[in-house]
Amino acid sequence: MTCSVNTKGSRTLLDLCPATFLPALRGRAFWIGLGLAGLLLSPDPLQAAPSPIQSDFADDAVVATLPDTPPIPEQLPTTSTDLADRVQNLISQARSTGDPRYLGYAERLFQRWPESSLNDRLLVLRATLSQSLHRFEQAREDLTVVLERSRNRQHRIQARLTLANLETVRGRYAEAQHHCYQLALDYPGLIAESCSAQVAARTGDPEAAYRALETRLANSDAKRPTARLWAEGTLGDIAAQLGREAAARHWRDVLSASPSDLYIRAQLADWHLQRGHYREVVALTESYEQVDSLAVIRAIAMHRSQHPEQDALTQQLRERFSEARWRGALLHQRDYARFLLDVEGRPEQALEHAWDNWQSQREPLDTRLLLRSAQAAGNRDTLAFLRQWLEQYGQTDARYPEVAS
Amino acid sequence: MTGLRLWAPWLLLLAFLSQSGTALAHKASDSFIYLDSDAGELRIDVALRDLALLVPLDQNQDRQITGREVRNQRPIITRTVENGLELSAESGVCRLQGLEWGLSRHSDGRYAAARYRIVCPDGDDPGQLQYSLLFDQDSLHRGLVRITSDSGSTLAVLSPDRNTLPLTSGSSRPLETFAAFLVEGVVHLLIGLDHILFLLVLVLPVSLMAPETGSDTIRSSIVRLAGIVTAFTVAHSITLALAALNLVTLPIAWVETVIALSIAVAAVNVIWPVLGRKTWKLAFAFGLIHGFGFASVLGDLTSGVSDMAVALAGFNLGVELGQLGLLVLGFPVLCLFSRWRLYQRAIVPAILLAVVGTSLVWAAERAAFI
């Protein structure tokens, strides 16, 4: 019997050969190293030559598909209302497609509009835009102006709700709680209750928050789907935090009413991923490969279930992230960190990006990503720091890896 | 109540927006500009999707762009793209002479691509590149530039705020890059416990020989030591260069696992020389894999660094300096200890056992990522 040193597909190099055959390796040690060196050649797209220019493309081939929306008109809207409608429309498209181009179009419209004639509605919209681009300070500034000066209740409520969410995402729970409280004074109802429940859940009281909001939703006669969906989405978040199967049901309800809600879709896909329901993950993320968060979750599910398409998607993501790094965009930190951790198996690099991401957003999935990266990289300082942070707010989450030790 | 109903849709939008406010990420709008300064050529790729904002590509309004539609609009496409791009030299604006035209592919689909020869007045080299395509439509649009020359490649990004790029080659930069990477190399060796442990187990047997072999022990020890260190250095320099220049890339989880295993194997080999007593061969073989480990660190440091060759040289020299410093300080100490029996009989085996244990734990942890 000869001992074959198979360098491809084996977990380790030497455990294939029983120890007694090891002396036979004596002269081969060099070749083992060299054999490994030949394994898996894959060029970095940043350094690689660009794809060739193809001149003989077929006339009938469809080479690009444009989005269903009409192209943006050349001229600037003449009234604030027209501008606001257009911006709102663009932000809404950015939200449902995940495509940042629409945010760029919207920002360009703002840049061409005189700053002095921004009314309250436009300020709220600009703040929403800033928040999407992670410019939290600017968003906060615009919203504060609206809260201070606006006599229009609708705009104040809008500003308050946006601010409450911004602070929650940032992990500034005292501020968030304050805004939820103010929101309840201005506009009592399911949305304000959801706001408070979310903050209460993140600060040590998920069980009571869940029960209260669930009862409130059941007893509510609110006909507006907005408020019900809002509460349903929040219940999903809190249920997931408690590790309850009900999370999936809440999220599915929201998703069936609003299939283009990428946030909820990503939450649900992540939930299934954690439970090893890879087929559900692949189904949920089907045709959403352009959205990084969903594409990364899909790639992890494919990777773990040895899906035949895993290599193609991983390669595509690698190229996309390397273009994003070239561009220097920070919007991709979370997804990139997750990709590094769960697909590439590079915990140190994942930790770096997860840490940067956590500086701007501290949702449970961000915190979990940072905890997992720190654990995988064996970084005790970060773990200790996070534990202290979680303790400070009494935040617990069934999705966090063991943080007690 | 009617007032509330009226603004419900507006609330719907913003409510969900704020909830999902930061979850967005998608390939943004980028054009790719490749400048080959040696050949005096430029290539620009613009996404068809973006081009459709400027050029009526979709003539039949069916939201589908066919090859024919692109071909029909070729004159307007080239004019538009060329208007968004300006190369100039001291002597004046340079002319772009078309060499190739067609479609190309990037991570998010098809792009219109064109390659040009750059012709500047008086045969000068272009001194700056200005780019303004699509900035008036999309504030988040960027021109991603890669400048290639014989000394390496540089990456740059052009944005509405910074739409001009000087092309005159920097003079003092390489030295700075070299020095910075030299330091990184030293630091990485000193904080990278796995490379230190590997060196330790390679060097231990040499230090033990000293009391056994009598008279010109120091001389022969140093020769052996030099052999081992040279073999390790040559091997990891080879693979570090191969990986850093992107000629060979290995999955990092594999590399790190094998590095951990290599330490265990080398430690076992001290007591039970299954891989032979020629330690330099072992140092060479496993040095190859350690080179990939160094390369992964270097790769993380160099995204955006232009002079890859300079960075590589600095980093590699830094690693060698760190290694040499460690040996100069550590080896005499080990030799001194080796005159002590307890050290030979108990401490060395204990060290080796601890090293095997540690590295196997690492290997198991790292293998989990394969």
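The values are calculated or read from the model by the stated rules, or taken from the named source; none is laboratory data. Bear in mind that the values here come from a model prediction, so they are computed numbers and not experimental data. Heads up, the Cβs are rebuilt from the backbone with ideal geometry, glycines too, and the neighbour counts pull from every protein chain shown.
I need the strands (runs of 3 or more DSSP E) fully contained in the range B:106-201, keeping only those with at least 1 residues that are surrounded by fewer than 20 Cβ atoms within 10 Å (Cβ to Cβ) and more than 27 Å from the chain's Cα centre (by Cα).
On the way: elements: B:109-119, B:128-131, B:142-149, B:152-158, B:164-166.
Qualifying strands (runs of 3 or more DSSP E): B:109-119, B:128-131.
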Any chance B:VAL258 is of a type in the set (A, V, I, L, M) and either outside any helix (DSSP H, G or I) or facing chain A (nearest Cβ under 9 Å) (or both): yes
Do the conditions hold for B:ALA260, that is, is it within 14 Å of B:LEU288 (Cα to Cα) and modelled with pLDDT of 85 or more? yes
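Name the one entry in B:LEU240, B:LEU250 that is more than 10 Å from chain A (Cβ to nearest Cβ), crowded, with 19+ Cβ neighbours inside 10 Å, touching a residue at least 24 places away in the same chain (Cβ under 8 Å) and under 16 Å from the mean Cα position of the chain (by Cα). Talk me through it step by step, then tell me what you get.
Values: B:LEU250 fails: more than 10 Å from chain A (Cβ to nearest Cβ).
Going through B:LEU240, B:LEU250 in turn, just one is more than 10 Å from chain A (Cβ to nearest Cβ), crowded, with 19+ Cβ neighbours inside 10 Å, touching a residue at least 24 places away in the same chain (Cβ under 8 Å) and under 16 Å from the mean Cα position of the chain (by Cα): B:LEU240.
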Among the numbered conditions (1) in contact (Cβ under 8 Å) with a residue 60 or more places away in the chain; (2) more than 23 Å from A:SER96 (Cα to Cα); (3) not aromatic (Phe, Trp, Tyr), tell me where A:GLN290 comes up short. (2)
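Please go through the range A:326-363 and pick out each residue that is in a helix (DSSP H, G or I), touching a residue at least 60 places away in the same chain (Cβ under 8 Å) and within 18 Å of A:PHE385 (Cβ to Cβ).
Quick first cut of the range A:326-363, residues in a helix (DSSP H, G or I) only: A:326-327, A:333-344, A:347-360.
Retained after the next criterion (residues that are touching a residue at least 60 places away in the same chain (Cβ under 8 Å)): A:326, A:360.
Listed by number, the list holds a single entry, A:SER360.
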The range A:103-122, residues that are surrounded by 17 or more Cβ atoms within 10 Å (Cβ to Cβ) and closer than 26 Å to B:HIS26 by Cβ: A:LEU103, A:GLY104, A:TYR105, A:ALA106, A:GLU107, A:ARG108, A:LEU109, A:PHE110, A:TRP113, A:LEU122
Out of (1) hydrophobic (A, V, I, L, M, F, W, C); (2) within 11 Å of chain B (Cβ to nearest Cβ); (3) buried (at least 22 other Cβ atoms within 10 Å of the Cβ), what's the single condition that is false for A:TRP251? (2)
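Kindly indicate whether any position in the range B:335-348 is part of a helix (DSSP H, G or I) and hydroxyl-bearing (Ser, Thr, Tyr).
Of all residues in the range B:335-348, those part of a helix (DSSP H, G or I) come to B:335-337, B:341-348.
Next cut, hydroxyl-bearing (Ser, Thr, Tyr) only: B:343.
The answer is yes; a qualifying residue exists.
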Could you please find all residues in the range A:236-275 being of a type in the set (Val, Ile, Thr) and more than 17 Å from A:VAL296 (Cα to Cα)? A:ILE238, A:VAL254
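Criterion first (out of contact with any strand residue (DSSP E or B) (no Cβ under 8 Å at 6 or more places or on another chain), of a type in the set (S, T, N, Q), more than 22 Å from A:ASP99 (Cβ to Cβ) and in contact (Cβ under 8 Å) with a residue 24 or more places away in the chain) does A:GLN267 satisfy it?
Working: out of contact with any strand residue (DSSP E or B) (no Cβ under 8 Å at 6 or more places or on another chain): yes; of a type in the set (S, T, N, Q): yes; more than 22 Å from A:ASP99 (Cβ to Cβ): no; in contact (Cβ under 8 Å) with a residue 24 or more places away in the chain: yes.
No, not satisfied.
crowded, with 21+ Cβ neighbours inside 10 Å and either of a type in the set (A, V, I, L, M, F, W, C) or modelled with pLDDT under 90 (or both), is that true of A:PHE339?
Against the criterion (crowded, with 21+ Cβ neighbours inside 10 Å and either of a type in the set (A, V, I, L, M, F, W, C) or modelled with pLDDT under 90 (or both)), A:PHE339 qualifies.
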Return the residues of the range A:197-225 that are surrounded by fewer than 21 Cβ atoms within 10 Å (Cβ to Cβ) and β-branched (Val, Ile, Thr); say none if nothing qualifies. A:THR203, A:THR215
Single match in A:ALA176, A:ALA159, A:ALA139, A:ALA164 (criterion: away from chain B (no Cβ under 11 Å) and of a type in the set (A, V, I, L, M)): A:ALA176
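Could you check how many residues of the range B:49-77 are of a type outside the set (S, T, N, Q) and farther than 12 Å from A:PRO67 by Cα?
Counting residues in the range B:49-77 that are of a type outside the set (S, T, N, Q) and farther than 12 Å from A:PRO67 by Cα gives 14.
Find the residue count for the range B:265-295, including only residues that are among the polar types (S, T, N, Q) and within 10 Å of chain A (Cβ to nearest Cβ).
1
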What's the number of the condition A:LEU371 fails, among (1) within 14 Å of chain B (Cβ to nearest Cβ); (2) in contact (Cβ under 8 Å) with a residue 24 or more places away in the chain; (3) closer than 28 Å to A:THR203 by Cα; (4) buried (at least 22 other Cβ atoms within 10 Å of the Cβ)? (1)
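Name the single residue, out of those in the range A:140-180 being under 19 Å from A:TRP358 (Cα atoms) and among the aliphatic types (A, V, I, L, M), that is surrounded by the fewest Cβ atoms within 10 Å (Cβ to Cβ). Before you say what the answer is, go through the steps one by one.
First pass over the range A:140-180, keeping only residues under 19 Å from A:TRP358 (Cα atoms): A:140, A:163-176.
Applying the additional criterion that residues be among the aliphatic types (A, V, I, L, M) yields A:163-164, A:166, A:169, A:174, A:176.
Working: A:LEU163: 28, A:ALA164: 28, A:LEU166: 25, A:VAL169: 21, A:ALA174: 10, A:ALA176: 24.
Among those that are under 19 Å from A:TRP358 (Cα atoms) and among the aliphatic types (A, V, I, L, M), it is A:ALA174.
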Name the residues in the range B:54-80 that are hydrophobic (A, V, I, L, M, F, W, C), surrounded by fewer than 21 Cβ atoms within 10 Å (Cβ to Cβ) and facing chain A (nearest Cβ under 10 Å), would you? B:LEU54
List the residue pairs whose Cβ atoms are under 6 Å apart, where the first residue sits in the range A:212-239 and is within 12 Å of chain B (Cβ to nearest Cβ), the second is assigned to a helix (DSSP H, G or I) and among the polar types (S, T, N, Q), and the two are 6 or more positions apart or on different chains. A:TRP230/A:SER194; A:ALA231/A:SER194; A:THR234/A:SER194; A:THR234/A:GLN198
What are the residue pairs meeting all of these: first residue in the range A:39-59, first residue under 14 Å from B:ILE252 (Cα atoms) and modelled with pLDDT under 55, second residue surrounded by fewer than 16 Cβ atoms within 10 Å (Cβ to Cβ) and not polar (S, T, N, Q), Cβ atoms under 7 Å, and 6 or more apart or on different chains? A:LEU39/A:LYS8
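Please go through the range B:253-276 and give me each residue that is touching a residue at least 12 places away in the same chain (Cβ under 8 Å) and over 26 Å from the mean Cα position of the chain (by Cα), ordered by number.
Here is the first cut: in the range B:253-276, the ones touching a residue at least 12 places away in the same chain (Cβ under 8 Å) are B:253-271.
Passing the criteria: B:ALA264, B:VAL265, B:ALA266, B:ALA267, B:VAL268, B:ASN269, B:VAL270, B:ILE271.
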Under 8 Å by Cβ, and 6 or more places apart or on different chains, what pairs join a residue from the range A:391-403 that is part of a loop (DSSP other than H, G, I, E, B) with one that is β-branched (Val, Ile, Thr)? A:GLY394/A:THR203; A:GLN395/A:THR203; A:GLN395/A:THR367; A:ASP397/A:THR367; A:TYR400/A:THR367
